[in-house]
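The values are calculated or read from the model by the stated rules, or taken from the named source; none is laboratory data. Since the model is a prediction, treat every value here as computed from it, not as a measurement. Ideal geometry is used to build each Cβ from the backbone, glycine not excepted, and the neighbour counts take in all protein chains shown.
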Amino acid sequence: MPAAPDARPLRLSTDQPDFEAAFNARLHWSDATDAEVEQRVAEIVAAVQRRGDAAVLEYTERFDALKAQSVGELEIAHGELQSAFDSLPQAQRDALEQAAVRVRTYHEAQKRACGESWSYRDADGSLLGQKVTPLDRVGIYVPGGKAAYPSSVLMNAVPAQVAGVPEIIMVVPTPRGEKNALVLAAAYLGGVTRAFCIGGAQAVAALAYGTDTVPRVDKITGPGNAYVASAKRRVFGQVGIDMIAGPSEILVLADGSTPPDWVAMDLFSQAEHDELAQSILLCPDAAYIARVQAEIARLLPTMPRAGIIARSLNGRGALIQTRSMEEACEISNRIAPEHLEIASTEPHRWEPLLRHAGAIFLGAFTSESLGDYCAGPNHVLPTSSTARFSSPLGVYDFQKRSSLIEVSEQGAQVLGAIASVLAHGEGLQAHARAAEMRLRPRP
């Protein structure tokens with residue numbers, strides 16, 4: 001019987017002289033895609049753009065061992081989505097419905113807060129404003145193969161539906177034609193209008209360029225492997241994308257009051273994704289850090305994905321002792337993690353100090369996993385420190401904004417004079433003349 005894997009995350013202290021070098025080395029992760037992946041993706045995308053359905057069929061058979069005579073055979077009938085939902089055990093139906101309601105409620109509130117049109121008239125009667133409209137058609141990519149992700153379906157489809165997108169096209173790989181009922185049921189609840197059993201770079205390319213069967217979309221969202229990420233990067237500009245996601249991350253900011261086994265398991269919750277996932281604990285209490293380390297050692301052998309967790313924690317994990325909770329917050333802002341847990345009796349004391357995070361989980365009872373599945377806010381979050389400048393997926397990702405400008409005759413007299421001066425200063429005489437033609441003749 002093989003020995004149980006051993007997980008020993010790097011122990012650091014901000015007091016040690018080499019902290020900065022060791023800390024930066026542990027944080028480093030390159031998002032540079034392997035050159036072979038890039039070349040392969042370029043070939044796949046070009047083939048789909050050139051040959052459409054024929055290329056999609058070829059790659060689906062090659063990568064998913066799923067043979068079909070036409071891409072139409074790979075489309076999932078809408079009735080099959082409802083049948084999948086109806087076939088689920090009652091407990092799964094209830095959980096999926098409750099999660100969908102919470103995700104929808106949150107995104108409806110988000111739409112009310114930032115997703116509505118507005119306008120006003122200024123003193124001279126000119127109307128200025130913003131018109132918010134949904135995208136016409138979006139594509140959502142749902143990972144498949146080793147695992148099924150109905151939660152990803154809800155997190156991508158529901159905000160698109162709330163935003164008012166009339167067509168939501170789902171693509172999901174189904175190796176050997178094995179469809180997951182939970183994924184199809186989530187698509188039914190999330191308002192997916194069409195779904196196809198295709199995945200990988202070929203699915204991204206089909207959505208971006210359109211084929212005889214797969215409709216072209218305006219934006220592609222959803223996570224995937226290195227091939228999917230590379231394809232999304234390659235088609236950006238042809239369509240919009242949500243983000244290029246890196247490995248999953250969790251940072252736990254602890255004051256020593258939360259049961260250490262809870263914190264250990266929260267670190268596991270991201271480490272079990274893959275070997276490159278990152279789990280970090282920041283805490284000023286050295287004795288508490290040691291207790292968490294002991295719980296990691298105790299709990300790891302009980303985990304089905306113990307090998308992946310151990311490799312993740314050993315390669316990218318860290319247990320960091322800070323001088324204070326304030327310093328822990330400063331370091332957290334430097335990391336800008338995807339998931340940030342404040343495992344503290346006073347989470348609202350520390351939350352104002354935290355500027356950069358994809359999602360902030362307040363208090364000991366708020367495990368990151370609740371956000372992944374059913375709390376309501378979106379679980380598609382910025383990774384690799386991009387929370388410094390980007391946001392979770394939301395209703396706003398499925399809308400666009402048009403400026404509204406209606407200048408009154410009186411307003412044209414004021415604005416025209418300003419525009420004329422500036423346009424002449426830029427050497428753009430036609431701009432200036434267009435504004436000047438609307439000026440009343442001087443008496």
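Worth pointing out:
- Residue within region 143-155 that is under 13 Å from Phe398 (Cα atoms), in contact (Cβ under 8 Å) with a residue 60 or more places away in the chain and either surrounded by fewer than 17 Cβ atoms within 10 Å (Cβ to Cβ) or of a type in the set (Val, Ile, Thr) (or both) present: no
- Count of region 284-298 residues which are hydroxyl-bearing (Ser, Thr, Tyr) and either in a loop (DSSP other than H, G, I, E, B) or in contact (Cβ under 8 Å) with a residue 60 or more places away in the chain (or both): 0
- As a summary of the residue check, Ile140 satisfies the conditions (1) closer than 23 Å to Leu74 by Cα; (2) assigned to a strand (DSSP E or B); (3) more than 16 Å from the chain's Cα centre (by Cα) except for the one numbered (3).
- From the list Leu319, Leu381, Leu370, Leu313, the lone residue that is within 20 Å of the chain's Cα centre (by Cα) and either crowded, with 24+ Cβ neighbours inside 10 Å or modelled with pLDDT under 95 (or both) is Leu381.
- For region 89-136, a residue qualifies if it is assigned to a loop (DSSP other than H, G, I, E, B) and buried (at least 18 other Cβ atoms within 10 Å of the Cβ), and the qualifying residues are Gly115, Ser126, Leu135.
- Checking the stated criteria, Arg26 turns out to be surrounded by 18 or more Cβ atoms within 10 Å (Cβ to Cβ), of a type outside the set (Asp, Glu) and modelled with pLDDT under 95.
- Any hit, region 16-31, residues being among the hydroxyl-bearing types (Ser, Thr, Tyr) and in contact with a helix residue (DSSP H, G or I) (Cβ under 9 Å, 6 or more places away or on another chain): no
Residue-by-condition table, conditions (1) assigned by TED's automatic domain parsing to the domain that holds Thr193; (2) in contact (Cβ under 8 Å) with a residue 40 or more places away in the chain; (3) part of a loop (DSSP other than H, G, I, E, B):
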position	(1), (2), (3)
Arg216	yes, yes, yes
Arg234	yes, yes, no
Val252	no, yes, no
Asp274	no, no, yes
Ile280	no, yes, no
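- Within region 198-227, being buried (at least 24 other Cβ atoms within 10 Å of the Cβ) and closer than 17 Å to Glu58 by Cα holds for Ile198, Gly199, Gly200, Ala201, Gln202, Ala203, Val204, Ala205, Ala206, Leu207, Val214.
- Which listed residue is crowded, with 24+ Cβ neighbours inside 10 Å and polar (S, T, N, Q), from Ser269, Ser257, Ser279: Ser279
- Flag for Gly416 being among the small types (Gly, Ala, Ser), buried (at least 17 other Cβ atoms within 10 Å of the Cβ) and over 18 Å from Leu253 (Cα atoms): yes
- Residue count for region 46-80, restricted to those that are more than 23 Å from Lys232 (Cα to Cα), of a type in the set (D, E, K, R) and touching a residue at least 12 places away in the same chain (Cβ under 8 Å): 1
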